[in-house]
Amino acid sequence: MKRLVGVELSHQQAPLAIREKISLTSEDISGALLSFKRTMPEVSIISTCNRLAVYALTDDLVPIFDFFREFGPLDPYLSVYDHDTTAIRHLFATASGLESQAIGEHEILGQIKKAYSLAQGVKSIGPVMDELIRRAISVGKKVRQQTAIGQYPVSLASVSYEVIKNIHHDFSDVSVLVLGTGEISNLVLKIISKKPFKNLYIASRSFHRAQSMQNLYRGKAVMMDNIREILPEVDVVIGATHTSAYILHKEDFAHIDKKVTMVDIGLPRNFDPAIKELPHVNLHDLDDLKTITDHGLAKRQEEVPKAMDIITNEITEFIYWVNTRQVSPLISAYYEKLDVIREEELKWALPKLGNLDENQQKIIENLISRVTRRVSGKPIEKLRHFSQEPHIEKNPIDTFKELFDL
């Protein structure tokens, strides 16, 4: 019997050296989905920097294991959710950010939406997986709305912003310089570019790259070699680039007498730690930020039980939907048959009742409909109830008694 399953390789089981071997493009995913369609009716793939997950409606996990084995001997690193409830719970928890390195992070919802779009594009999902993924996205939003799991800063980008916000309460007269145009600096820029800073400078070793980021985040492009020229203008400097040597040193601030906030989230460090000796410069490095990050993670962890309560309720509702869906065609056929019988009996009875006015005829029709609904109500209710117990065998006589409430 086909069931919902999930197989995942993620940061929880696999080290980075393993995860980086299976980075897939959208084209790769679409091709894999088309291949899966040959052996299973519904399937979706979620691919992020920290996970590759396959969810499917199937009775055979072998094709999924074979897919992962194409990247090497990955079986020891796989997490397998081979029954409806465990697979649903894991997807709902993933959408809620509970399975992320940074608990409660928001990016995963966008990644699941992308996976949904790709699956729709190649028609690899049907009604069950479609409903499952849409509900997962809904659950992720509900968890963030009804708990505080996403309200405490834990990512380097969000913590960096918190540091700036706690020091500079009014952004309208604050100029910011961000070093780097890579992944980390992009995350920082996504946050601070939405705030009303006076100036936003974006520095890169590639002017073309800096210009593209300038257009994207409404900043001002600066060559990395020229950043010292604008240091007297800026109030905040964020180091988020990869470098083999310190980019800024203590002496670079010797002739600057204004207060400067520096946040170094580069690895290796972007700024010489000796800058901390300057009384007018407030430098925060990764060790300083860790205290804030740990506090945020602890606060988010406190919200996990609330999130799991929401997820548990949503799992129950989804399983009820799946099970009821199995008997929906039967219920529809039953109602159609009742409608046919009702029409036939009305055609037989109405001519025999003589000349009825429109109101009297309406009363007769309503009477038949009411009787039909009352007689069919209990059997339909019990049928939906039976659908939630597919593995329970009942004596036919007992079933008949239950159906008609005898």
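The values are calculated or read from the model by the stated rules, or taken from the named source; none is laboratory data. Since the model is a prediction, treat every value here as computed from it, not as a measurement. Neighbour counts run over all protein chains shown; Cβ positions are idealised from the backbone, glycine included. Areas reflect the complete protein model, heavy atoms only, side chains present, ligands, DNA and RNA absent. Shrake-Rupley method; radii C 1.70, N 1.55, O 1.52, S 1.80 Å.
Note on exposure: Lys299, Lys2 ranked by accessible area (1.4 Å probe, complete protein assembly) read Lys2, Lys299, with the most exposed listed first. When GluC sites (Glu not before Pro) are flagged only if DSSP places them in a loop and at most 14 other Cβ atoms lie within 10 Å, the longest unflagged stretch of the chain comes out as 71-392.
Sites listed here are trypsin sites (Lys or Arg not before Pro) in the range 181-229 whose DSSP assignment is loop and whose Cβ has at most 16 other Cβ atoms within 10 Å: Lys194, Lys198, Arg205, Arg218. Projecting label points 7 angstrom from Cα along Cα→Cβ for Arg205 and Leu267 puts them 2.0 nm apart. Using a cut-off of 27 Å between Cα atoms, the listed pairs Lys142/Lys220; Lys142/Lys198; Lys141/Lys299; Lys198/Lys276 include Lys142/Lys220; Lys142/Lys198 as exceeding that distance. The value for the range 1-109 of Rg(Cα) / (2.2 N^0.38 Å) is 1.01. Among the trypsin sites (Lys or Arg not before Pro) in the range 79-188, those located in a DSSP loop and surrounded by at most 15 other Cβ atoms within 10 Å of their own Cβ are Lys123. The angle between the Cα long axis of helix 183-192 and the longest principal axis of the Cα atoms of the chain comes to about 80 degrees, rounded to the nearest 10.
Our helix-only sum for the chain, with -39,500 (n - 2.57) per DSSP H run of n ≥ 4 divided by its residues, gives a mean residue ellipticity at 222 nm of -16500 deg cm²/dmol.
Assuming R0 = 22 Å, can you tell me the calculated FRET efficiency for the pair Ala274 and His11, based on Cβ-Cβ distance, to the nearest 0.05? Once rounded, the FRET efficiency stands at 0.05. Computed over neighbours whose Cβ is under 13 Å from that of Lys141, the net charge equals +4, Lys and Arg +1, Asp and Glu -1. For the range 113-217, the percent of C-alpha pairs falling in each 10 Å distance bin, counted from 0 to the bin holding the largest distance, reads 12, 29, 25, 23, 9, 1. Taking 0.692 mPa s as the viscosity and 37 °C as the temperature, the Stokes-Einstein diffusion coefficient of the range 298-372 based on its alpha-carbon Kirkwood radius rounds to 195 µm²/s. Comparing Ser79, Ser193, Ser332 in a Gaussian network model of the chain (Cα springs below 10 Å), the most mobile by mean-square fluctuation is Ser332.
Relative to the compact-globule estimate of 2.2 N^0.38 Å, the Cα radius of gyration of the range 65-120 comes out at 1.29.
Kindly provide the Kirkwood hydrodynamic radius of the range 278-340 in Å, to one decimal, from all pairs of distinct alpha carbon atoms. Across the range 278-340, the inverse of the average 1/r is 17.0 Å. Over the range 241-365, the reciprocal of the mean inverse Cα-Cα separation, the Kirkwood hydrodynamic radius, stands at 22.8 Å. Amide H contacts for Glu42 (H built 1.01 Å from N in the peptide plane; partners 5 or more residues away or on another chain; cut-off under 5 Å): Leu57.
Backbone amide hydrogens, once placed in the peptide plane, bring Val237 within less than 5 Å of Leu177, Thr261, Met262, Val263, excluding anything fewer than 5 places away on its chain. Once both axes come from the Cα atoms, what is the angle between helix 304-349 and the longest principal axis of the chain, in degrees from 0 to 90, rounded to 10? The angle comes out near 30 degrees. The angle between the Cα long axis of helix 156-167 and the main principal axis of the chain comes to about 60°, on a 0 to 90 degree scale. Its Kirkwood hydrodynamic radius, worked out from the mean inverse distance over all distinct Cα pairs, puts the chain at 26.0 Å. The phi torsions of the range 281-288, fed into the Karplus equation with coefficients 6.51, -1.76 and 1.60 and a -60° offset, translate into couplings of 10, 10, 9, 10, 9, 4, 5, 5 Hz, rounded to whole numbers, with Gly and Pro shown as x.
Considering the convex hull of the alpha carbon atoms of the range 152-284, report its projected area averaged over all viewing directions, in nm², one decimal. In nm², the orientation-averaged hull projection of the range 152-284 is 7.4.
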